[in-house]
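Here's the structure, in structure tokens; my notes come after.
The values are calculated or read from the model by the stated rules, or taken from the named source; none is laboratory data. Here the structure is a predicted model, which is why all the values come from computation and not from measurement. Every residue, glycine among them, receives a Cβ derived from its backbone with ideal geometry; neighbour counts consider all protein chains shown. Side chains are part of the model used for accessible areas, which takes the heavy atoms of the whole protein and leaves out ligands, DNA and RNA. Shrake-Rupley method; radii C 1.70, N 1.55, O 1.52, S 1.80 Å.
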Amino acid sequence: MEELLNNIKEFIESGNENLVKSRYNAAASDFFKSIVISCDYLIYKEMKILPKNHNERFSLLKKYFEDIYNKVSKLFEIYTRSYNLRILERDAKKIGEYAHEIYNNIKNKE
């Protein structure tokens with residue numbers, strides 16, 4: 001579990017650095033990775049399983065963590081746009097805000 005927390009923190013820090021350097025696609029990617037790991041952490045803590053892929057993760061979130069699922073699925077759309085298109089600063093910040101929020105919620109429950 002500690003490894004997951006360290007990975008979340010590392011991707012958030014990397015996202016913050018990329019945001020400062022105006023690398024919005026890279027920032028979005030890093031922030032979204034931290035969100036995914038945060039979701040995996042929450043799923044593991046509750047169910048003692050780690051999802052193998054996005055499909056399994058989203059299925060578990062939808063069934064057991066509906067509020068998180070609703071937020072993450074919307075951010076996933078922004079994140080996947082970054083594969084082929086340049087995204088805006090506000091999009092990267094939107095993903096970053098939730099990355100920070102979910103990480104802080106985890107830390108406050110520890």
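Miscellaneous remarks
- Sites listed here are trypsin sites (Lys or Arg not before Pro) in the range 30-88 whose DSSP assignment is loop and whose Cβ has at most 14 other Cβ atoms within 10 Å: Lys48, Lys52, Arg86.
- Only helical runs count toward this figure. For the chain, summing -39,500 (n - 2.57) over DSSP H runs of n ≥ 4 and dividing by all residues gives -28000 deg cm²/dmol at 222 nm.
- Heavy-atom accessible surface of the chain: percent carbon and sulfur, 1.4 Å: 46
- Whole-Hz Karplus values for the range 8-25 come out as 4, 4, 4, 5, 5, 4, 5, x, 4, 5, 5, 5, 4, 8, 6, 9, 6, 5 Hz, taken residue by residue from phi with 6.51 cos²θ - 1.76 cosθ + 1.60 and θ = phi - 60°; glycine and proline positions read x.
- Ranking Ser22, Ile12, Ile37 by how far each Cα lies toward the positive end of the dipole of the chain (charges on Cβ) leaves Ser22 at the top.
- Taking Cβ atoms as reference points and 13 Å as the exclusive limit, the residues near Phe32 contribute a net charge of +2, counting Lys and Arg as +1 and Asp and Glu as -1.
- For the range 65-110, a simple Cβ point-charge model (Lys and Arg +1, Asp and Glu -1, everything else neutral) yields a dipole of about 180 debye relative to the Cα centre.
- Calculated log₁₀ intensity ratio I(q)/I(0) where the Debye formula runs over C-alpha points of the chain, q = 0.10, 0.19 Å⁻¹: -0.26, -0.92
- Average accessible surface area per residue within the chain, 1.4 Å rolling probe, Å²: 62
- For the range 36-94, taking the reciprocal of the average inverse distance between every pair of different Cα atoms yields a Kirkwood hydrodynamic radius of 12.3 Å.
- For the chain, a crude dipole built from +1 on the beta carbon of Lys and Arg and -1 on the beta carbon of Asp and Glu, taken about the Cα centre, is about 320 debye to the nearest 20.
- Set Lys9/Lys62; Lys9/Lys94; Lys21/Lys93 screened for pairs whose C-alpha atoms are more than 20 Å apart: Lys9/Lys62
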